[in-house]
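All remarks here apply to the structure that follows.
The values are calculated or read from the model by the stated rules, or taken from the named source; none is laboratory data. Since we're looking at a predicted model, the values are computed, not measured. Neighbour counts are summed over all protein chains in view; Cβ atoms, including those assigned to glycine, are modelled from backbone coordinates with ideal geometry.
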Amino acid sequence: MEKFGKSQPVKRTEDLRFLTGEGRYVDDIAPRNSAHAFFLRSSFAHGEITELDVSDAAEAEGVHAVLTCADLEAAGMDIAMPGSVVPNRDGTKGAKPIRPMLARDRVRYVGEPVAIIVADTLVQARDAAELILFDVDDLPAKMDTAAGGEMLHSQAPDNRAFDWGMGDEAATEAAFQAAARTVALDVDDNRIIVNSMEPRGCYAEWLDGRLHVAQNGQGVWAHKGFLQNAFGLDETQVRVTNPDTGGGFGMKSMAHNEYFCVAQAARMLDRPVRWMSERTEAMLSDNAGRDLTSLAELAFDETNRITAYRVRSKCNLGAYNSQFAQFIQTQLFSRVLMGVYDVQTTWLQVDGFYTNTVPVDAYRGAGRPEAIYVLERLMDRAARELGVDPWDLRRINFIKPEQFPYKAATGETYDVGDFGKVLHRAALEADHAGFAARKAADAKRGLLRGQGLCYYVESILGDPSEGAKVVFEADGTVSIYVGTQSNGQGHETVYAQFLSDQTGIPADRITVVQGDSDLIQKGGGTGGSRSVTTQNNATLATVARITETFAAFLADEMGVPAAEISFDDERFRADGSNLTPTMLEVAEMAREKGRDDLLSHHERATLPGRSFPNGAHVAEVVVDPETGSVVADRYTVVDDFGNLINPMLAEGQVHGGVAQGLGQAVQEHVVYDEDGQLLTASFMDYALPRAGDLPYISFTSEPVPSTANAMGMKGCGEAGTVGAMAAIGNAVQDALWDQGVRQADMPFTPLRVWEMLTDGRIAAE
């Protein structure tokens, strides 16, 4: 660890400005002369637009422009939003209907933007929106994830977006036919609304024929490319910046309709235009997460070893293809399909359907939490039906340490792991042996205690390459330019800490620069737990370049060949020379000699492979059978994140991830009515976990360093969520099992749990 990070729990340096109100968010930095944008959104889930008259609104006080989709097209814009497709099982491509930036001809979900109104003040823009004559010929709302119903898009006549498969279907069926036992379980993974602390927002301005868009996202370069395409500009004509951002969680990595519309309004008016979402607006229009159902099946031999695994899923895409949705429940789900278990015969089949709801896209984990939730809920059910302890069933089927590197059935190669060691540590930390006594004590009080285990694995995703630029400034400080984007994770701290560890430059003299497409040529942004691993890998490459060039420069100063000069992470040294300069001292020497070429260094580096964080989550819940309330009482996490740069920040990421997983499992209940109206469109109706809803979360590191990168690291950004959902779900199922409940699905709200218990008692009679 001395070479690749000292693993010190350094406090977050950025917190000082956040906690004192000095953070600079997009709504804080918009130009003072900006006009305000407001979006008229559809209140209909589905229908043909029969009237859209904006003339009165355009004449209203303070209004400068009202734009519809027809106006965007007339301006020469490509109005199709980015969207990905996967191949169908027959080799054709999944459906790819156009998702217009503003509704064109038809509306397909409540909250879909129909027009943008730009005025001197937000109040004026909002008032003008009420003057728009907007009418729709209602069509039936398609709300179920099944073929048929009212057609949303001509490209998908039965509303099926894709029919995708991976694996060997025939071999899997043969294994099931030959199995000693098979176990099946239907698993629901409920829709969530992301609800980042800071809603989405942006401003746009055109300066000297050049477009600048500032947005609170998760990176700038992908959005720069989307803007180039939409406006037909070359790369020199677009700049995207990303200031402080109050949470993203995957949702803010997407291209959203509003950014393009605001940019066009700014171009048309030759004036900056700003927009900030309100909370209910966000709940109606932000990409949702999860929303799938799966039938999962395991085949076993006589020794309780798994011989085959089969999953058939139906996922809700919402009204359109979003940027990544088709990939999330297919290819990204498949990355960890078989989890940590040694099984080579698998089949994954996924059908995606359009519905009259807001589009679904990435949410913390993007496919991997969904896959692990299905698998780990099924493992618990299998243990019950086989009469085996659920911890032992996992141990029997673990990939063994000697099997690494291990190529999974879906093609992923796990580099290292010791799942048995991690699980053993989890049993100790969670006091697994004392659970029976705790359960008995609660039973005396009329309460139901359950324990749930989830052993997860996830894969870091996204571009494996990243760049880093290190600049030695004239004032004796150092700037490091990075291609990722912090949304609150502590990047400014950990990047400075890592560079300090490698160079000896004091961390308080290092400034992390991010979020500006003009300042670094390329970057992959933040998502898929990639940031610290890929960025520090690039930092290592840049430090190696600095060390090499500084040694060549010092050869004359020290009077020895460059090859004889070493660097010990603090000073350059050579036998026979009394000079032992630090990097900052070498930079100053170079500046004095006019060697400005030695003051800026940039390198890109590519990871040789993905890393696979893994670990065990153990949850204990207490259920009140009289009310159905579920309280998370104990929560233990033992993670293998490889080598940690800053254990405190890693623990914080786990805590946040667990909170989001627990929130989805216990509280977050999205409800649409049959007409496609969102009934949970405010915090009066949609519950998020608060501090009092969370137990103490015990975190322990049990590392097996990765061989897929020089630092031995594994990503930690999404792991908490990946493990939490199944741990809580299995705990609730365990608490309810003896009451006759055989199907316990999220969210475990008091009413739903009370109804499960009531139905279970009736079934048991």
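Looking for whichever is modelled with pLDDT of 95 or more and part of a helix (DSSP H, G or I) here; the options are Arg761, Arg752, Arg742. Which one fits?
Only one candidate qualifies: Arg752.
Does the stretch 253-274 contain at least one residue that is of a type in the set (Asp, Glu) and either closer than 30 Å to Asp685 by Cα or in contact (Cβ under 8 Å) with a residue 60 or more places away in the chain (or both)?
Looking for residues that are of a type in the set (Asp, Glu) and either closer than 30 Å to Asp685 by Cα or in contact (Cβ under 8 Å) with a residue 60 or more places away in the chain (or both), one finds at least one in the stretch 253-274, hence yes.
May I ask you to verify whether Thr542 is within 40 Å of the chain's Cα centre (by Cα) and either surrounded by fewer than 17 Cβ atoms within 10 Å (Cβ to Cβ) or part of a helix (DSSP H, G or I) (or both)?
Details: within 40 Å of the chain's Cα centre (by Cα): yes; either surrounded by fewer than 17 Cβ atoms within 10 Å (Cβ to Cβ) or part of a helix (DSSP H, G or I) (or both): yes.
Criteria met by Thr542.
Across the stretch 239-255, what is the number of residues that are under 27 Å from Ala75 (Cβ atoms) and surrounded by 24 or more Cβ atoms within 10 Å (Cβ to Cβ)?
Looking only at that region, the number is 5.
Which of the following residues is in contact (Cβ under 8 Å) with a residue 12 or more places away in the chain, of a type outside the set (Lys, Arg), at negative phi and loosely packed, with under 13 Cβ neighbours inside 10 Å: Glu22, Glu14, Glu61?
When all the criteria are applied, what remains is Glu61.
Does at least one position in the stretch 673-680 carry a residue that is surrounded by fewer than 18 Cβ atoms within 10 Å (Cβ to Cβ), touching a residue at least 60 places away in the same chain (Cβ under 8 Å) and touching a Lys or Arg at 6+ places or on another chain (Cβ under 8 Å)?
No, the stretch 673-680 contains no residue that is surrounded by fewer than 18 Cβ atoms within 10 Å (Cβ to Cβ), touching a residue at least 60 places away in the same chain (Cβ under 8 Å) and touching a Lys or Arg at 6+ places or on another chain (Cβ under 8 Å).
Rundown of residues vs (1) more than 21 Å from Gly83 (Cβ to Cβ); (2) surrounded by 15 or more Cβ atoms within 10 Å (Cβ to Cβ); (3) among the β-branched types (Val, Ile, Thr), yes/no style:
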residue: Gly148; (1), (2), (3): yes, no, no
residue: Ala161; (1), (2), (3): no, yes, no
residue: Thr172; (1), (2), (3): yes, yes, yes
residue: Ala180; (1), (2), (3): yes, no, no
residue: Leu185; (1), (2), (3): yes, yes, no
residue: Asp188; (1), (2), (3): yes, yes, no
residue: Asn195; (1), (2), (3): yes, yes, no
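Return the residues of the stretch 549-571 that are surrounded by 14 or more Cβ atoms within 10 Å (Cβ to Cβ), free of Cβ contacts under 8 Å to residues at least 40 places away in the same chain and closer than 17 Å to Leu499 by Cβ; say none if nothing qualifies.
Listed by number, the list holds a single entry, Phe567.
Out of Thr172, Thr182, Thr145, which single residue is in a loop (DSSP other than H, G, I, E, B), under 30 Å from Pro390 (Cβ atoms) and at pLDDT 95 or above?
Checking each option against the conditions leaves just Thr145.
Restricting to the stretch 386-419, count the residues that are in contact with a strand residue (DSSP E or B) (Cβ under 7 Å, 6 or more places away or on another chain) and surrounded by fewer than 15 Cβ atoms within 10 Å (Cβ to Cβ).
Of the residues in that region, 3 qualify.
Residue-wise test of (1) β-branched (Val, Ile, Thr); (2) over 21 Å from Arg267 (Cα atoms); (3) in contact (Cβ under 8 Å) with a residue 24 or more places away in the chain.
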{"position": "Thr50", "(1), (2), (3)": "yes, yes, yes"}
{"position": "Asp56", "(1), (2), (3)": "no, yes, yes"}
{"position": "Pro97", "(1), (2), (3)": "no, yes, yes"}
{"position": "Ile116", "(1), (2), (3)": "yes, no, yes"}
{"position": "Asp120", "(1), (2), (3)": "no, no, yes"}
{"position": "Leu131", "(1), (2), (3)": "no, yes, yes"}
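Restricting to the stretch 185-215, give me the number of residues that are touching a Phe, Trp or Tyr at 6+ places or on another chain (Cβ under 9 Å) and either among the hydrophobic types (A, V, I, L, M, F, W, C) or part of a strand (DSSP E or B) (or both).
The qualifying residues number 14.
For Leu102, which of the numbered conditions (1) crowded, with 18+ Cβ neighbours inside 10 Å; (2) out of contact with any helix residue (DSSP H, G or I) (no Cβ under 8 Å at 6 or more places or on another chain); (3) among the hydrophobic types (A, V, I, L, M, F, W, C) fails to hold?
For Leu102, the exception is condition (2).
How many of the residues making up the stretch 308-330 are outside any strand (DSSP E or B), in contact with a Leu (Cβ under 9 Å, 6 or more places away or on another chain) and in contact (Cβ under 8 Å) with a residue 60 or more places away in the chain?
6
Counting residues that are of a type outside the set (Phe, Trp, Tyr) and surrounded by fewer than 19 Cβ atoms within 10 Å (Cβ to Cβ), which strands (runs of 3 or more DSSP E) fully inside the stretch 433-510 reach at least 2? Explain how you work it out, then say what you get.
Values: elements: 448-457, 465-472, 478-482.
Hits in the stretch 433-510: 465-472.
Among the residues of the stretch 67-81, are any surrounded by fewer than 18 Cβ atoms within 10 Å (Cβ to Cβ), in contact (Cβ under 8 Å) with a residue 60 or more places away in the chain and closer than 22 Å to Val358 by Cα?
First pass over the stretch 67-81, keeping only residues surrounded by fewer than 18 Cβ atoms within 10 Å (Cβ to Cβ): 70, 73-76, 78, 80.
Going one step further and asking which of them are in contact (Cβ under 8 Å) with a residue 60 or more places away in the chain, we end up with 75-76, 78.
Cutting the leftovers down to closer than 22 Å to Val358 by Cα gives us 78.
Yes.
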